[in-house]
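Undergrad: Next up is a structure, given as structure tokens.
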Amino acid sequence: TVFSYFSGSLYLIFFVNILFFSRAIKTNQDLLPETPWTHIFYNDFWGTLLTHSGSHKSYRPLCTLSFRLNHAIGGLNPWSYHLVNVLLHAAVTGVFTSFSKILLGDGYWTFMAGLMFASHPIHTEAVAGIVGRADVGASLFFLLSLLCYIKHCSTRGSSARTWGWFLGTGLCAGCSMLWKEQGVTVLAVSAVYDVFVFHRLKIKQILPTIYKRKNLSLFLSISLLTFWGTSLLGARLYWMGNKPPSFSNSDNPAADSDSLLARTLTFFYLPTKNLWLLLCPDTLSFDWSMDAVPLLKTICDWRNLHTVAFYVGLLLLAYYGLKSPSVERECNGKFVTNGKQNANGHSCHSDVEYRNSEMKPSFASQLENGIKNNASQRTQLPSTENIVVLSLSLLIIPFVPATNLFFYVGFVIAERVLYIPSMGFCLLVTVGARALHVKVQKRFLKSLIFYATATLIVFYGLKTAIRNGDWQNEEMLYRSGIKVNPAKAWGNLGNVLKSQSKISEAESAYRNALYYRSNMADMLYNLGLLLQENSRFAEALHYYKLAIGSRPTLASAYLNTGIILMNQGKTEEARRTFLKCSEIPDENLKDPHAHKSSVTSCLYNLGKLYHEQGHYEDALSVYKEAIQKMPRQFAPQSLYNMMGK
């Protein structure tokens, strides 16, 4: 409860002014009461049909359902949305602390792990940004699934309820995936827990255990986890039309690069950059697309040294956890390995713990866990090596879908994606500090390690509070992102300034965005729209044409170009523009609803043009076509009015 209150208070400080929404909420028809709620299970996160070629394929119906409930209660008032996000983060923090207690014991190291997770700045986007709820909700069911599996392991072979716990594991894993795709990875983490933590097997022991059928219950549990995970992934792939999503080159420039070397070096480097954000979240941004992380094009790029250091460190940690010396000794008449009986998972002290307990039973345990443990508690706690393996699996496995290893993703870096992996990071830092605390002999060094860890948590908390200040409103958020992604940040800032009627500042912001990336169709269009609204029609036409050249499917640019031409008396040129707009298909478009609205408006203006020229039959034909093509959210009154005339 303490951790939940603490994590919630960090975000409630800036509760009032949070204004950040997206088309996942503002223009998502699935949130409206007149839309059947069952549509949520057929559309993606943004309200587009999953099987549509332009769908993002982000299937998160439980998250969308929570947005719909928010909308039913408070409309678009950001208070209720933000409150749910904060409460979810508080709940995740509480469950994570309970999970840490299973690994670290009931002492101050568990307290440290919980505080570190509660205060980590990398969570700001997931909690303060409304659409980040998908990650927070998935994390909650991720942890519940893992806890159910831990219960299954502890009751396996001794109680019929063990399969009830396994059923809970599967259901919570499914719910986690329906909040966000990476939630299904909890099944792999559960398998790691069973093999390397509960049974304390080493790599070389796994195959002999399977071959000799020493532990059929372990084999059965892992087989069921594999079957359920494969079933969930298969159903997910089928439901989205058996096709991966397509993204623009600005979303993930490395994926669009023609150079195999650049793609390889960049994709290997990106996990290093993500780990640095977890370790030192000094520079954070609402968007890391485009050129926020420049491509690594040559072997000589100095960032390759970071990549090498990262993977070497990762391998050393994995070696420490999986290849540590294995010592067999007798315990209660049976031989055990590293303090664990391989056959049935019953606990016994490792040699190191045994020697420590002989010398100073209570003190050794107190150093290790931060508490005065009794004998039974000591036997239940995993060793440092076991926790390292589980922490690495929590850090790596949920991040694998974002690595571009199996399919390309629509981002370079996304801070919200690190919400689940940060659990593994927090455990890894905590168990590392605990191991150092145990190893050093001098009281001064022990105090230094403890207070250094506490200081790190304090700095994380301060950074989270400061970063929440950036999320108070859109203007502050976009200004904070200029140094990371200037093109995207200046463009979004221009939209905000325009809404505030700061026309000259908005124009300057749009031009700054185009300075950094001159082919951004949206920015070219937005600048043209700003100029058109201020009667600078010649300049507006110039930028609309540039926008169409950059993205030939941008229907709104055709629409406004045709309107300007029609008002200038260039009726034939306007007619050709409207006709061309009406013929643009909506395949592979990110927002087909907005595209259909623009196409419908083009047809309306084309019919109006025919009407003014006295071509009434042509006008009626165009209006009927517009009624057939208009999306659900389009107001049809003007079309019927013109048909009536």
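The values are calculated or read from the model by the stated rules, or taken from the named source; none is laboratory data. What you see is a predicted model; the values in this text were computed from it and never measured. Cβ: placed from backbone, ideal geometry, glycine included. Neighbour counts: every protein chain shown. For the accessible areas, the whole protein counts, side chains as well, though only heavy atoms, and no ligand, DNA or RNA atoms are used. Shrake-Rupley method; radii C 1.70, N 1.55, O 1.52, S 1.80 Å.
Undergrad: Give me, ordered by chain and number, the residues 5 or more places off ASN43 or on other chains with an amide H under 5 Å from its own placed amide H.
TA: LEU50
Undergrad: When a/c is below 1.5 the answer is rounded, else prolate if a/b is larger than b/c, else oblate, so apply that to segment 524-595 with a ≥ b ≥ c taken from the square roots of the Cα gyration tensor eigenvalues.
TA: oblate
Undergrad: Something else about it: Along the charge dipole of the chain, Cβ charges K/R +1 and D/E -1, which of MET116, ASN495, PHE407 sits furthest on the positive end?
TA: Value: MET116.
Undergrad: Just how large is the dipole of segment 552-643 about the Cα centre, in debye to the nearest 20, putting +1 at every Lys and Arg Cβ and -1 at every Asp and Glu Cβ?
TA: 180 debye
Undergrad: Here is a further query. With every protein chain present, what is the per residue accessible area of segment 552-643 (1.4 Å probe, Å²)?
TA: For segment 552-643, the per-residue accessible area is 49 Å².
Undergrad: With axes computed from alpha carbons, what is the tilt in degrees of helix 303-322 against the longest principal axis of the chain, rounded to the nearest 10 within 0 to 90?
TA: Relative to the chain, helix 303-322 is tipped by roughly 40 degrees.
Undergrad: Considering only the other residues whose Cβ falls under 15 Å of the Cβ of TRP163, what net charge follows from Lys and Arg at +1 and Asp and Glu at -1?
TA: Counting the neighbours of TRP163, the net charge comes to +2.
Undergrad: Return the sequence-ordered ³J(HN,Hα) values of segment 589-599 in whole Hz as given by the Karplus equation 6.51 cos²θ - 1.76 cosθ + 1.60 applied to θ = phi - 60°, using x for Gly and Pro.
TA: In residue order, the calculated couplings are 9, 5, 10, x, 5, 5, 4, 5, 4, 5, 5 Hz.
Undergrad: On a 0 to 90° scale, report how tilted helix 133-155 is relative to the longest principal axis of the chain, with both axes built from alpha carbons and the result rounded to the nearest 10.
TA: Helix 133-155 and the main axis of the chain meet at about 30 degrees.
Undergrad: Need the list of aspartates and glutamates near LYS502 for cross-linking: C-alpha distance under 18 angstrom, and skip anything on the same chain fewer than eight residues off.
TA: Within the straight-line cut-off, LYS502 pairs with GLU474, GLU475, GLU533.
Undergrad: For ASN588, what charge total do you get from the other residues with a beta carbon under 15 Å from its beta carbon, if Lys and Arg give +1 and Asp and Glu give -1?
TA: Once all neighbours under 15 Å are counted, the net charge is -1.
Undergrad: Mean residue ellipticity at 222 nm from the helices of the chain, using -39,500 (n - 2.57) per DSSP H segment of n ≥ 4 over the full residue count, to the nearest 500 deg cm²/dmol?
TA: One gets -20500 deg cm²/dmol as the mean residue ellipticity at 222 nm.
Undergrad: What is the distance in Å between the Cα centres of segment 532-548 and segment 581-645?
TA: Centre-to-centre distance over Cα atoms comes out at 22 Å.
Undergrad: Here's a follow-up. Roughly how many debye, to the nearest 20, is the charge dipole of the chain about its Cα centre, given +1 on each Lys and Arg Cβ, -1 on each Asp and Glu Cβ, and no other charges?
TA: Taking the Cα centre of the chain as origin, the dipole is about 1880 debye.
Undergrad: With a/c under 1.5 counting as rounded, go ahead and sort segment 523-645 into rounded, prolate or oblate using the C-alpha gyration tensor (a ≥ b ≥ c being the square roots of the eigenvalues; past the cut-off, prolate if a/b is larger than b/c, else oblate).
TA: Because a/c hits 1.5 or more and a/b fails to exceed b/c, segment 523-645 counts as oblate.
Undergrad: Determine the share of segment 552-643's accessible area contributed by carbon and sulfur atoms, expressed in whole percent, with a 1.4 angstrom probe.
TA: 51 percent
Undergrad: How large is ³J(HN,Hα) for each residue in segment 426-439, as worked out from phi by the Karplus curve 6.51 cos²θ - 1.76 cosθ + 1.60 (θ = phi - 60°), to whole Hz, x for Gly and Pro?
TA: 4, 5, 5, 5, 5, 5, x, 5, 5, 5, 5, 4, 6, 6
Undergrad: Report the net charge of residues surrounding ASN304, where surrounding means a beta-carbon distance below 15 angstrom and charges are Lys +1, Arg +1, Asp -1, Glu -1.
TA: +3
Undergrad: Right, another one. Where does helix 443-470 land angle-wise versus the long Cα axis of the chain, in degrees 0 to 90, nearest 10?
TA: The helix 443-470 is inclined about 20 degrees to the chain.
Undergrad: Could you name the lysines whose alpha carbon sits less than 25 Å from that of LYS463, not counting residues in the same chain fewer than 8 places away?
TA: Here the lysines satisfying the reach criterion relative to LYS463 are LYS273, LYS483, LYS488.
Undergrad: Sorting check: for 235-248, 560-573, 167-180, which peptide has the highest mean count of neighbouring beta carbons within 10 Å, and how do the rest follow?
TA: In decreasing order of mean packing, 235-248, 560-573, 167-180 become 167-180, 560-573, 235-248.
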